[in-house]
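Report on one structure; see the data block that follows.
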C-alpha cells in the first residue's frame with residue numbers, strides 16, 4: 001500500500017458538444033484523450049496504469065458492444081500514445097456513466113494499486129436513423145417491467161390532478177421529469193416561470209462557454225414561448241441530443257510531487273466521490289442524490305454552505321430546482337424561489353451550472369459526467385474566463401442516470417477542492 005491516499009486530478013478536458021457528423025467514436029476518443037494529455041502536460045500516456053471507458057451508444061446505435069473501450073483506444077495503443085497491456089474497464093450507467101468511470105479511477109489511486117489512472121467518456125447520439133436514437137433512450141428504464149413505471153407515474157399524476165401518457169412523439173425521460181415537475185408545482189407552488197428562469201440563466205452561461213452545444217441566450221419569455229415538449233417543459237428547458245467526449249487523469253499525491261511545478265499548481269484534489277442506486281420510492285421521499293450528497297459532505301468534512309460552485313444534472317431545467325433542494329443549498333420546496341432569487345447566477349451566492357448545464361452545454365450521455373467535472377476543475381483553476389466564479393475553492397457535481405420510479409437509477413456526487 002502506498003503511503004499517500006490523497007487523489008488529484010492533473011488533467012481534465014472536454015471536446016465541444018455538438019453534432020459531430022464528420023467524426024466517428026474513435027475520432028472523439030482520440031480528441032478527448034489527446035486533449036487530456038495536453039492539459040496534464042503529458043506527451044504520451046505511458047504512465048497510465050488503468051483506464052475506465054464510459055459509453056452508452058456504441059451497442060444500441062453503432063453495433064459495437066462488449067469491448068467498446070478496447071476498440072476505441074486500440075488505435076492509440078498502436079501509435080504508442082496509450083500503453084500496451086493496460087487494463088480497460090467498460091462502464092455503463094446511463095447518464096451517470098462518466099462519473100462512474102471517474103469513481104473507478106479514484107478507487108485505483110485510493111487503493112494504492114495505481115499512481116495514474118484515466119477516466120474517459122465518449123458518446124455519439126446523432127445517427128442517420130433518429131427513430132433508433134429515441135428507442136435507445138428507453139434502455140435507461142426497466143424494460144422488463146415498464147408497466148410498473150407507468151403505473152407509478154399515473155399515481156403521481158392522479159395525486160396532482162394531471163394525466164400521464166407516453167407514446168409516439170414523446171420520450172420517457174422528458175415525460176417522467178415533466179410529471180415530477182408537475183407534482184412539485186402542485187405540492188410546493190413552484191411555477192413554470194421559475195423553471196424558465198433556470199433555463200434562461202443556463203443558456204446565458206452557455207453563451208459564454210466555447211465548449212457548449214448552444215452558445216446563445218434565451219430570455220425567460222422566449223423559454224416560455226418555445227414549443228411544449230411535455231408540460232410544463234418547453235424545448236428550451238430540455239437538454240439536446242449531442243456528440244462529444246471528455247476525460248480526466250487522476251494521480252496519487254506521491255506521483256504529483258514528481259511532476260513539474262506548472263502541473264502541480266493546476267492540480268485539483270478529490271475530496272469525495274460517492275455513488276448511489278435508486279429504488280422504487282414515494283415521490284415525497286428524499287431522492288438518492290440526497291442520500292449520496294450527505295455521505296459526500298461527511299467524506300469531505302464540509303457542508304453545503306462550503307460549496308462555491310456546482311454542476312447539477314439538469315436534463316431538464318426543473319432538475320436544477322429539485323437538486324438544489326437535495327444538495328442542501330435551500331430547504332425542500334424552496335428550489336424555485338432559490339433560483340428566482342438569483343442565487344445561482346454567475347454573480348449569485350452559489351453559481352450553479354456555470355457551463356450552461358446540460359440544457360445549453362449539451363448531453364452526450366456517456367461523456368456528460370466528465371464534462372461536468374471538467375467545468376468545475378476549470379473553475380477551481382481560475383481558468384473559466386467570462387464565466388469564472390471569483391475565489392472558487394470547493395466545487396460539487398451531481399450526475400444522475402436512468403429512471404426507476406420517481407428518481408434516477410444511478411447517481412454520483414463528486415466534491416473537488418483547490419489544494
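Here, each number is a calculation from the coordinates, and none is a lab measurement. A quick note: this is a predicted structure, and the numbers were derived from the prediction, not measured. Every residue, glycine as well, gets a Cβ built from its backbone with ideal geometry; the counts of neighbours run over all protein chains shown.
Quick notes
- Cα long-axis angle, helix 25-39 against the chain (0 to 90 degrees, to the nearest 10): 60 degrees
- Report note on the peptides 192-201, 12-21, 345-354: ranked by the mean count of other C-beta atoms within 10 Å, highest first, their order is 192-201, 12-21, 345-354.
- Of all the options 70, 203, 184, the one that moves most in a Gaussian network model of the chain with Cα springs shorter than 10 angstrom is 70.
- Long-range Cα-Cα pairs in the stretch 229-276 (distance over 13 Å), rounded percent: 74 percent
- Inter-centroid distance (Cα atoms) of the stretch 303-332 relative to the stretch 170-229, Å: 15 Å
- The stretch 300-404: C-alpha gyration tensor shape, a/c 1.5 cut-off, then a/b vs b/c: rounded
- Expected 222 nm ellipticity per residue - DSSP helices of 4 or more, -39500 (n - 2.57), all of the chain, to 500: -12000 deg cm²/dmol
- Three principal axis extents of the stretch 41-151 based on alpha-carbon atoms, in descending order, are 50, 33, 23 Å.
- Option label - P(r) over Cα pairs in 20 Å bins from 0, in percent computed here, alternatives (1) 24, 49, 23, 3; (2) 25, 59, 16, 0; (3) 29, 60, 11, 0: (3)
- Computed P(r) (all Cα pairs; the stretch 119-205; 10 Å bins; percent): 14, 34, 34, 17, 1
- Note on the chain: GNM, Cα springs under 10 Å; of 121, 80, 369, the largest mean-square fluctuation is that of 80.
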